[in-house]
Amino acid sequence: MKTIHFIFIFGCYIMMSSCISQRAVATYMQQKQTAANIQLSEIKVTPQIPNKHKIIPPKVIDILHSDIEVKFNWDLHQCIGKEKIILKPFMYETDSIVLDAKSMIFHEIKIENSQRKEILYLPSYNKKQLTLKLENKISSNDTILLTLRYTALPDSLVDENGKAIRNNKGLYFVNTKKDEPFKPTQLWTQGEPESNSCWFPTIDKTNEKFTSSITIELPKNFTSLSNGKLVSTKFDGDTKIDKWVNDKPMPAYLHMMAVGDFNVTKDNWNGKLDTTIRYRIENKVSSESAVDTSIQQDTPSDSLHIIAKDSVPMIETNGMEVSYYLEPSYAQNARSIFKNTVEMIDFYSNKLGVIYPWNKYAQVVVRDYVSGAMENTSATLHGDFVQKNNRELVDNSNDDIIAHELFHQWFGDLVTCKTWSHLVLNEGFASFGELLWYEYKYGKDAAQKKGYESLNRYINYAKNYSDGPLINYDYKNPDDMFNVITYQKGARVLQLLRSELGENAFFAGLKSYLTNYAYSSADIDDFRKEMEKTSGRDLQLFFEQWFLNGGHPIIDIRYDYKDSSHQLMIQIEQKQNGDLFKFPLSFKVSQGEVSKTYTFQINKKIESFNVSQIDENANSYPNVFVDPDGNFLGEIIDNKPFYNHILTYNHATSYLEKVRSLQNIVPLQNSVDTIRFTLLSAINDRIDDIRLKALEWINWNEHDNFNQVKDFLIYIANNDFNAKVRASAVRIIGEKKDSSFIDFLIKHTKDSSYTVAGISLKYLYQLAPFIALSECQYLEKDAKGELFNQITNIYSESGNENNLAYFFSEKYKIFNAQRASFITNFSKLLIKYFTPNQSQEAIRYFLERAENDTYSQVRINAFRALKQINIHKEFLLNQEGVDTSPILYFRNEIDNLNTKIQEIIQNEKSKEVLNALIIEGMYKEPVDSN
Ligand SMILES: [Zn+2]
């Protein structure tokens with residue numbers, strides 16, 4: 001990779017800003033030097049700040065509005081921009097304007113006051129920030145127009161070691177050289193956390209919000225997407241110019257563009273809600289005004305108009321546009337891919353009592369995306385794994401990610417976390433939003449399953465990585481905040497708050513928070529105060545315990561039942577290291593036909609509670625189930641005897657009762673028959689995830705388990721509506737390696753789910769390789785996911801030179817992480833049937849992947865493939881060594897390839913890849929000269 005040096009073109013700006021005379025600049029520079037001398041004596045000492053807070057850089061300049069006009073050099077991956085920024089000092093007088101602007105070349109900078117009079121300045125630029133020292137101080141009564149012409153060079157961004165970066169470059173160009181035949185040419189942006197300043201100068205902080213317009217020049221046959229409304233499209237020869245206007249304030253990181261050959265499918269949301277949002281803009285313009293966005297673009301005016309406008313977002317009477325931007329070949333699946341979007345908008349608007357706050361909702365899918373998806377305001381961007389055909393949707397719908405990004409339109413976009421330390425206000429809420437959707441759409445069991453999975457992920461993460469506080473002032477890089485604590489624990493803490501406050505108080509609090517901080521930013525104290533205001537409760541302790549401190553409780557529960565007094569004693573001991581927690585804990589106690597739920601407040605290390613007999617007529621011991629609603633946020637060591645767990649399962653009415661009781665008895669399945677029978681019966685549970693868990697947890701090698709339920713397993717494999725359950729049944733049957741199942745497995749290679757088909761093929765191959773190989777010829781015509789993996793695996797092991805054609809035809813059709821195993825299988829077969837001509841094409845492909853692939857495992861496997869090819873060539877060279885053979889050239893080819901590989905490795909910066917290459921003997925860590 002090469003590094004392009006940035007040149008700040010001083011001379012250029014002086015000539016272009018014709019109103020600034022050279023003499024004026026010289027005089028001004030002299031004055032500035034004197035000023036700098038005075039400032040030297042005023043060195044301030046900053047006191048040590050404990051990590052209970054992180055100093056937010058003061059707001060000096062406030063951006064009111066930004067008009068961004070961009071066009072692109074697609075070959076050089078450059079963005080040629082013109083930006084007009086309306087800004088003012090936030091509160092105090094200042095003589096400097098500092099903007100985030102990464103890896104740019106500036107061609108013109110012009111500063112005018114509200115009377116359109118030019119203000120002289122002295123610029124400096126360090127590749128990250130542009131600083132403009134002004135001739136005179138400006139006050140918060142001055143509204144300034146700053147005009148910038150620049151070229152952004154996102155591919156020239158380098159890290160602290162001078163290596164080119166793959167992520168955090170804001171603007172990404174895809175396949176512009178068209179060297180991947182089945183990949184479209186596109187460009188897209190990714191702002192979060194602070195990367196949009198790689199394509200437009202701005203203040204790239206979450207607490208700086210402004211209105212904006214983005215005008216994009218693009219090829220005529222392409223389609224653009226950006227925030228807000230598309231207000232005009234002008235055609236000019238082979239290009240067109242789309243103008244998007246966003247008239248509600250939002251931070252820089254939520255701005256977006258996507259340009260490519262997209263097919264747009266439109267839906268409509270007609271929902272209405274009798275709610276208006278009045279928004280407050282923190283000390284902006286004036287308390288009741290916002291900038292009129294119409295004036296900067298179209299009206300050449302002598303002064304800047306700041307027009308008071310009490311802006312209230314309203315849904316137009318004919319409904320709101322909901323649209324899906326997809327590659328043309330997926331357009332027919334648009335409504336399946338983005339299924340439920342409209343219903344979700346309706347549900348969230350009603351649940352929150354705050355209408356969807358933007359004037360459209362679009363979703364776009366792009367290639368080579370660097371993350372999962374991004375909630376850009378009114379225009380969510382998804383990675384291409386969301387783009388699925390109907391068979392892929394059988395294996396996995398997109399519900400979670402669609403719900404998550406949509407909920408962000410309220411939490412994150414309408415109200416934004418004030419700093420990254422408070423990211424839970426974005427991400428914890430978005431994850432919580434998924435849970436709300438599941439609860440509404442699929443019912444209590446589905447929501448409990450989601451909550452249970454979040455809790456397990458969090459506990460796992462806490463044990464293996466960190467269990468720090470949700471509000472984290474100690475992060476090094478904003479990227480570090482995007483972790484399981486913020487997402488999964490965040491969602492669970494919100495669920496806990498919901499359970500403690502009750503449904504009405506909790507959602508009234510959310511409504512108040514969304515309304516009072518609409519189009520603004522908030523921190524955790526702001527959120528707490530809103531929840532306190534609506535609930536009338538003091539929530540300091542709750543917020544301190546769950547948001548500001550880390551850790552979680554581990555409780556050990558013991559039970560003692562006294563026959564004589566019919567009293568059940570429950571003892572709870574907190575066993576975690578560190579602080580004690582205070583929390584309510586519920587128990588569902590069942591005796592005879594009666595069930596009652598008791599909630600106890602836990603404050604001390606050890607607490608005991610007595611429960612009297614609840615059913616006067618019952619002769620049985622009471623059965624107890626802790627935390628029946630799944631609100632407890634921690635680990636439970638439940639010393640309930642196993643037969644009580646079985647009892648809980650047998651009388652269970654919820655997902656949680658089932659999953660937790662089964663989980664508790666699984667370890668004893670080989671020694672206790674009743675446990676074994678309970679688990680075997682659970683493969684017929686009404687809840688699909690319980691069927692799946694039972695299939696996964698049963699030890700199929702013990703006690704003739706398999707034969708006892710064989711017919712039922714076949715029934716499940718044939719009929720279960722859940723593809724994961726079918727796949728699990730096929731796996732269990734396949735692992736028996738019984739040739740009487742050959743026909744069964746052949747049949748299931750045609751399952752609608754690629755996963756079921758792939759697993760069936762895998763076991764078919766183990767039983768009858770030749771049948772499997774011949775099935776592959778047929779199956780390869782429509783193979784994705786697991787089915788594709790198995791086909792290429794079988795070809796690599798048992799295929800012949802004819803099957804190489806499949807690898808050559810597919811090599812640009814598969815993407816993302818799936819390329820990793822593909823490359824390994826490809827190179828394995830290639831080496832078996834080596835021809836110099838074919839190898840050239842394959843080597844080119846492996847080199848491209850090693851150099852450019854965004855997935856580290858793909859790069860590792862590509863390097864390995866190249867190494868294997870060279871080893872094979874060495875082998876052939878040593879074997880033959882005759883000068884009549886084309887092998888004569890191998891020596892040169894081997895050396896050239898090694899040189900190329902080493903060149904690529906020099907630019908590799910992933911530790912994971914470099915460590916793998918050290919093991920492969922392809923890379924040596926440079927020895928530190930010190
Ligand atoms: Zn998110």
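Worth a mention:
- Close pairs (9 angstrom Cβ cut-off, 6 or more residues apart or separate chains): touching a residue at least 40 places away in the same chain (Cβ under 8 Å) in the stretch 653-666, part of a helix (DSSP H, G or I) and hydrophobic (A, V, I, L, M, F, W, C) anywhere: Tyr655/Ala446; Tyr655/Ala447; Tyr655/Ile690; Val659/Ile690
- Matching residues in the stretch 73-113 - criterion: being crowded, with 22+ Cβ neighbours inside 10 Å, of a type in the set (A, V, I, L, M) and part of a loop (DSSP other than H, G, I, E, B): Ala101
- Condition met for Thr377 (part of a loop (DSSP other than H, G, I, E, B), more than 12 Å from the chain's Cα centre (by Cα), buried (at least 24 other Cβ atoms within 10 Å of the Cβ) and within 14 Å of the ligand (Cβ to nearest atom)): yes
- Hits in the stretch 561-596 - residues which are touching a strand residue (DSSP E or B) at 6+ places or on another chain (Cβ under 9 Å), farther than 18 Å from Ile636 by Cα and surrounded by fewer than 19 Cβ atoms within 10 Å (Cβ to Cβ): Tyr561, Lys562, Ser565, His566, Gln567, Ser595, Lys596
- Filtered by the rule that a residue be closer than 24 Å to Glu780 by Cβ and among the hydroxyl-bearing types (Ser, Thr, Tyr), the stretch 728-761 gives Thr749, Ser752, Ser753, Tyr754, Thr755, Ser760.
- Subset of the stretch 436-453 that is in contact with a Phe, Trp or Tyr (Cβ under 8 Å, 6 or more places away or on another chain) and of a type outside the set (D, E, K, R) - its residue that is farthest from Thr486 (Cα to Cα): Tyr440
- Of the set (1) within 32 Å of the chain's Cα centre (by Cα); (2) buried (at least 20 other Cβ atoms within 10 Å of the Cβ); (3) among the aliphatic types (A, V, I, L, M), all apply to Leu764 but (1).
- Cβ-Cβ under 9 Å pairs, at least 6 apart or on other chains, the stretch 400-412 side away from the ligand (no atom under 11 Å from the Cβ) and at pLDDT 95 or above, far side outside any helix (DSSP H, G or I) and among the basic types (Lys, Arg): Ile402/Lys339
- The set of residues from the stretch 313-328 being modelled with pLDDT of 95 or more and among the polar types (S, T, N, Q) comprises just one member, Ser323.
- Scanning the stretch 469-494 for residues that are within 16 Å of the ligand (Cβ to nearest atom) and assigned to a loop (DSSP other than H, G, I, E, B) yields Leu470, Phe482, Asn483.
- Between Thr151, Thr176, the distinction of being of a type in the set (Val, Ile, Thr) and in a strand (DSSP E or B) belongs to Thr151 only.
- Taking the criterion of being surrounded by fewer than 21 Cβ atoms within 10 Å (Cβ to Cβ) and either in contact (Cβ under 8 Å) with a residue 24 or more places away in the chain or out of contact with any Phe, Trp or Tyr (no Cβ under 8 Å at 6 or more places or on another chain) (or both), the residues of the stretch 470-492 that qualify are Tyr473, Asp474, Tyr475, Lys476, Asn477, Pro478, Asp479, Asp480, Phe482, Val484.
- Hits in the stretch 423-436 - residues which are assigned to a helix (DSSP H, G or I) and within 14 Å of the ligand (Cβ to nearest atom): Val424, Leu425, Asn426, Glu427, Gly428, Phe429, Ala430, Ser431, Phe432, Gly433, Glu434, Leu435
- Filtering the stretch 221-236 for residues that are surrounded by 24 or more Cβ atoms within 10 Å (Cβ to Cβ) and of a type in the set (Val, Ile, Thr) leaves an empty set.
- Index of the failed condition, Ser397 passing every other in (1) within 13 Å of the ligand (Cβ to nearest atom); (2) in a loop (DSSP other than H, G, I, E, B): (1)
- Remark: pairs (first residue in the stretch 705-732, acidic (Asp, Glu); second residue surrounded by 14 or more Cβ atoms within 10 Å (Cβ to Cβ); Cβ separation under 8 Å; 6+ apart in sequence or on different chains) = Asp720/Asp688; Asp720/Arg691; Asp720/Arg726; Asp720/Ala729.
- First in the stretch 327-355 and at negative phi, second anywhere and small (Gly, Ala, Ser), Cβ under 6 Å, 6 or more apart: Met344/Ala403; Asp346/Gly271; Ser349/Gly271; Ile355/Ser349
- Checked against (1) under 27 Å from Pro181 (Cα atoms); (2) within 16 Å of the ligand (Cβ to nearest atom), Ile337 meets all criteria but (2).
- Number of positions in the stretch 207-229 that are outside any loop (DSSP other than H, G, I, E, B) and over 18 Å from Gln186 (Cβ atoms): 7
- Ile144 closer than 14 Å to His255 by Cβ, among the hydrophobic types (A, V, I, L, M, F, W, C) and over 23 Å from the mean Cα position of the chain (by Cα): no
- The single condition among (1) among the aromatic types (Phe, Trp, Tyr); (2) in a loop (DSSP other than H, G, I, E, B); (3) surrounded by fewer than 23 Cβ atoms within 10 Å (Cβ to Cβ) that Phe200 does not satisfy is (3).
- Count - residues of the stretch 141-167 that are under 22 Å from Ser226 (Cα atoms), at pLDDT 90 or above and not small (Gly, Ala, Ser): 8
- Some residue of the stretch 451-468 being within 14 Å of the ligand (Cβ to nearest atom), of a type in the set (A, V, I, L, M, F, W, C) and in contact with a Lys or Arg (Cβ under 8 Å, 6 or more places away or on another chain): no
- Among the residues of the stretch 891-930, those that are under 20 Å from Ile871 (Cα atoms), under 35 Å from the mean Cα position of the chain (by Cα) and acidic (Asp, Glu) comprise Glu903, Glu920.
- Residues that are of a type in the set (Lys, Arg) and loosely packed, with under 15 Cβ neighbours inside 10 Å within the stretch 833-855 comprise just one, Arg844.
The values are calculated or read from the model by the stated rules, or taken from the named source; none is laboratory data. As the structure is a computational prediction, the values presented were derived from the model and not from experiment. Cβ sites come from the backbone with ideal geometry, for glycine too, and all protein chains shown count toward neighbours.
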